[in-house]
Amino acid sequence: MYLAGEEWAARFEGFQREAWRLETLPQYLMPQEEEEFAAFKAGARIDPHAVSNEYTDRLRRQVAEGRPQGRVHVLTRPLSDYLRFEFSQYYAPHALAGEHIRILDVTDRDNPLEEVQDFWMFDRTEVVLMNYHPDGRQINREIYEGDVAQYIEYQRIAVAESVPFEEYVKGIDV
């Protein structure tokens with residue numbers, strides 16, 4: 001089963017304990033980001049402390065309710081333009097809003113999650129596979145029908161092998 005629109009949005013309102021994401025691509029080509037990404041590449045920057053939108057408001061509310069959201073992004077250096085954009089425009093304000101963001105840099109080491117694709121996991125009971133073209137264009141979101149135990153293990157590995165976003169970006173000009 002594929003998820004889109006209201007069914008997809010409902011996953012973020014309906015989880016009880018945790019929403020968690022694994023990201024593995026150096027870029028995600030989302031049409032709604034094109035203008036903002038172009039502006040970033042041209043030098044535009046935001047103040048992450050000043051960001052307040054539907055997403056950051058939801059993150060703050062969920063944290064206050066004891067329903068955190070987190071993610072680990074597996075990456076290699078040098079950082080792509082998109083990763084620099086993502087760090088600046090999304091990760092910095094989202095971390096300030098309470099999202100637990102971690103980075104697993106596999107530049108100089110083996111990737112412990114080499115063959116694992118992007119996914120979201122809700123309450124450790126439902127996995128949604130995020131299907132992308134190699135260039136980062138999204139194909140669809142697909143509910144995983146099998147045993148989620150392997151995804152719980154992927155999360156454990158990702159968190160154990162990564163560092164907090166704030167620690168990773170110290171000294172990096174994004």
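The values are calculated or read from the model by the stated rules, or taken from the named source; none is laboratory data. All values derive from a computational prediction rather than experimental measurement. FYI the Cβ positions are ideal-geometry reconstructions off the backbone, even for glycines, and counts take in every protein chain you see. Only protein heavy atoms, including side chains, enter the accessible area calculation; ligands, DNA and RNA are left aside. Shrake-Rupley method; radii C 1.70, N 1.55, O 1.52, S 1.80 Å.
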Report summary line: Note: residue 53 to residue 12 extended length (0.36 nm per residue) minus current alpha-carbon separation gives 13.2 nm
**Report entry** Theoretical gain in end-to-end length, residue 173 to residue 111 [0.36 nm per residue, Cα-Cα removed]
**Finding:** 19.9 nm
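Can you tell me the alpha carbon radius of gyration of region 1-85 divided by the globular rule-of-thumb value 2.2 N^0.38 Å? The partial results should precede the final answer.
Working: Rg = 15.2 Å, N = 85, 2.2 N^0.38 = 11.9 Å.
Taking N as the residue count of region 1-85, the ratio is 1.27.
With a 1.4 Å probe and all protein chains left in place, how much of the accessible area of the chain comes from carbon and sulfur atoms, in whole percent? Intermediate values should be presented prior to the final figure.
Working: 4650 of 9240 Å².
For the chain, the apolar C and S fraction of the accessible surface comes to 50 percent.
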Query raised in the report: Residues of region 117-174: accessible area per residue at 1.4 Å, in Å²?
Result: 53 Å²
Query raised in the report: How many nm separate the modelled label positions at residue 33 and residue 156, each set 7 Å beyond the Cα in the direction of the Cβ?
Result: 3.1 nm
Query raised in the report: So how compact is the chain: Cα radius of gyration and Dmax in angstrom?
Result: 15.7, 45
Query raised in the report: Which far-off residues, 5 or more places away or on another chain, put their amide H under 5 Å from the one on residue 119, with H placed in the peptide plane?
Result: 22, 130
